[in-house]
Amino acid sequence: MTDANRCQAGDWVEVERVLLEPADRSKNLPPETADKPLRMWIKGFAQAAGPLGDVMTVETMTGRLVEGTLSAINPGYFHTFGNPIPELTHVGVDLRARLADYHAAQADAPAEKGGA
């Protein structure tokens, strides 16, 4: 299997997940929609290595852990901004961690004494 068909832990990937099978969908849908499963695609950081088609867990940019079938490695966006730059994909996660550390330090700091 080539590297293009296999991700490593920490890679930016997309997983696919079936939310509702056709039998579970609303009866008010048009027939061409009702006979198909409702699917979602989630982008995140792979929690383990694996090939396309394997079930795996990803951590989204908001920190959620989601399980699905690996459908893309280093996926881009359909709005034509191109593929993500690997050096920048962790910036949001790192910034949130730094902000959390800062807020924790502020909460632990002794209150300033001021007099009036």
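The values are calculated or read from the model by the stated rules, or taken from the named source; none is laboratory data. Everything numeric in this text was worked out from a predicted model, so none of it was measured. Cβ sites come from the backbone with ideal geometry, for glycine too, and all protein chains shown count toward neighbours.
Of note:
- For the stretch 33-50, the criterion of being in a loop (DSSP other than H, G, I, E, B) and in contact with a Ser or Thr (Cβ under 9 Å, 6 or more places away or on another chain) is met by at least one residue.
- Listed conditions (1) surrounded by 14 or more Cβ atoms within 10 Å (Cβ to Cβ); (2) more than 16 Å from the chain's Cα centre (by Cα) are all met by Val58, apart from (2).
- Residue check for Ala72: outside any loop (DSSP other than H, G, I, E, B), among the small types (Gly, Ala, Ser) and farther than 14 Å from Cys7 by Cα: no
- Any hit, the stretch 92-108, residues being hydrophobic (A, V, I, L, M, F, W, C) and modelled with pLDDT under 90: no
- Put simply, of Thr80, Thr69 the only residue that is exposed (fewer than 13 other Cβ atoms within 10 Å of the Cβ) and either polar (S, T, N, Q) or touching a residue at least 24 places away in the same chain (Cβ under 8 Å) (or both) is Thr80.
- Any chance Gly76 is out of contact with any helix residue (DSSP H, G or I) (no Cβ under 6 Å at 6 or more places or on another chain), closer than 15 Å to Asp11 by Cβ and at pLDDT below 95: yes
- Residues being assigned to a strand (DSSP E or B) and out of contact with any Pro (no Cβ under 9 Å at 6 or more places or on another chain) - total across the stretch 4-32: 3
- Residue check, Lys43 basic (Lys, Arg), without any contact (Cβ under 8 Å) to a residue 40 or more places away in the chain and within 14 Å of Leu70 (Cβ to Cβ): yes
- Sole exception among (1) more than 20 Å from Ile85 (Cα to Cα); (2) under 16 Å from the mean Cα position of the chain (by Cα) for Asp24, by number: (2)
- Meets criteria (out of contact with any Cys (no Cβ under 8 Å at 6 or more places or on another chain) and in a loop (DSSP other than H, G, I, E, B)) for Gly92: no
- Scanning the stretch 14-33 for residues that are of a type in the set (A, V, I, L, M, F, W, C) and surrounded by fewer than 10 Cβ atoms within 10 Å (Cβ to Cβ) yields one hit, Ala23.
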